[in-house]
């Protein structure tokens, strides 16, 4: 996936300017983005604050760690079942 040239905090600040009443057309021109990008950001980051973004990042990292742990345990479990099946 292509990395954005804007950080998430920059995206939130751009969206806050839009909420403050700056016309979307002018805001997109100033930021150098398309209106479609603005509306995609609105659907993804709308109503968030920078502290909310930090919390979401932490939750995503924890979720990824838990998924890896589950995958390892599921693999170990399958290996144990195969080993038991071979002995019987």
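Here is how the numbers come out for the structure above:
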{"item": "Enumeration of residues in the stretch 30-44 that are surrounded by 12 or more Cβ atoms within 10 Å (Cβ to Cβ) and part of a helix (DSSP H, G or I)", "result": "31, 35, 37, 38, 39, 40, 41, 42"}
{"item": "Total residues in the stretch 45-54, condition closer than 15 Å to residue 19 by Cβ and either assigned to a helix (DSSP H, G or I) or in contact (Cβ under 8 Å) with a residue 12 or more places away in the chain (or both)", "result": "6"}
{"item": "The stretch 39-56: number of residues that are under 11 Å from the mean Cα position of the chain (by Cα) and under 15 Å from residue 10 (Cβ atoms)", "result": "4"}
{"item": "Members of the stretch 1-29 found to be surrounded by fewer than 14 Cβ atoms within 10 Å (Cβ to Cβ), in a loop (DSSP other than H, G, I, E, B) and within 20 Å of the chain's Cα centre (by Cα), listed by number", "result": "1, 2, 3, 4, 5, 7"}
{"item": "Any hit, the stretch 67-88, residues being within 18 Å of residue 8 (Cβ to Cβ) and loosely packed, with under 12 Cβ neighbours inside 10 Å", "result": "no"}
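Read-outs throughout are calculated quantities, based only on the coordinates presented, and are distinct from any laboratory measurement. Just so it is clear, the model here is predicted, and its values are computed rather than measured. Cβ sites come from the backbone with ideal geometry, for glycine too, and all protein chains shown count toward neighbours.
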